[in-house]
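Please treat every number below as a calculation from the coordinates, not as lab data. Because the structure is a prediction, the values reported are computed rather than measured. Using ideal geometry, Cβ is built from the backbone for each residue, glycine included, and neighbour counts are taken over all protein chains shown.
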Amino acid sequence: MPAYSFQERFVPWVKDGSKSQTIRSRRKKGFAKKGDTLYLYYAMRTKYCKKLKEATCKKADTIVISNSGIIIISGRMADFAVGATIDLLKKGISINRIAPPLTSAERNQLAWADGFRPDGSTKKNPKGCFALMLRWWKQTHELPFVGDIIYW
């Protein structure tokens, strides 16, 4: 029964269904698996908490975000492999053999779908979305980041 809380800026897109994925730090327990019911909230654990919707998990993959781009690895990588992957990336060793990095267009599309939408961007023209996402990611997480991308 995984529950996820969203910042106010993402609430309209979670509600209207245009945001149907989330990128999260890995959990040891209670991580999302295909078929799980996901509980999506705004301001969870506060007096302003509001349930946005319930959704069924379609899949959960491993995502690697670094200064040079994004790699998505099909399925949820084992915990021991995550640590080894981060060590390789910090040493500057490429993991492109595991999965090819997303193209510029794919990175922008993923960022738009995740709710990083600069003025003027659209689903068909998500220009600048990845730059906005990466800027936010650098402010809030250490890179390289290895986590889960959960789709509903």
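Here's how it looks for LEU52: its modeled amide H is under 5 Å from those of LEU40, TYR41, TYR42, which are all 5 or more places away or on a different chain. For segment 17-83 versus segment 121-149, the inter-centroid distance based on Cα atoms is 15 Å. The residues packed around SER5, meaning those with a beta-carbon under 11 Å from its beta-carbon, carry a net charge of +3 if Lys and Arg are +1 and Asp and Glu are -1.
If r is the Cβ-Cβ distance from GLU54 to ALA84 and R0 is 41 Å, what FRET efficiency results, to the nearest 0.05? Taking R0 as 41 Å, the efficiency between GLU54 and ALA84 is 0.70.
So which lysines pass the test for LYS124, namely a Cα distance under 18 Å, with those fewer than 8 places away in the same chain ruled out? Cα-Cα hits under 18 Å: LYS19. Backbone amide hydrogens, once placed in the peptide plane, bring ALA3 within less than 5 Å of TYR39, excluding anything fewer than 5 places away on its chain. Within the chain, antiparallel bridges make up roughly 85 percent of the DSSP beta bridges whose residues both belong there. Net charge of the neighbourhood of LYS50, taken over other residues with C-beta under 14 Å away and scored Lys/Arg +1, Asp/Glu -1, is +3. Length available on full extension from LYS15 to GLU106: 0.36 nm per residue minus the Cα-Cα distance, which gives 30.4 nm. When a/c reaches 1.5 or more, the comparison of a/b and b/c decides; with that in mind, is segment 3-151 rounded, prolate or oblate per its Cα gyration tensor? Cα axes put segment 3-151 in the oblate bin.
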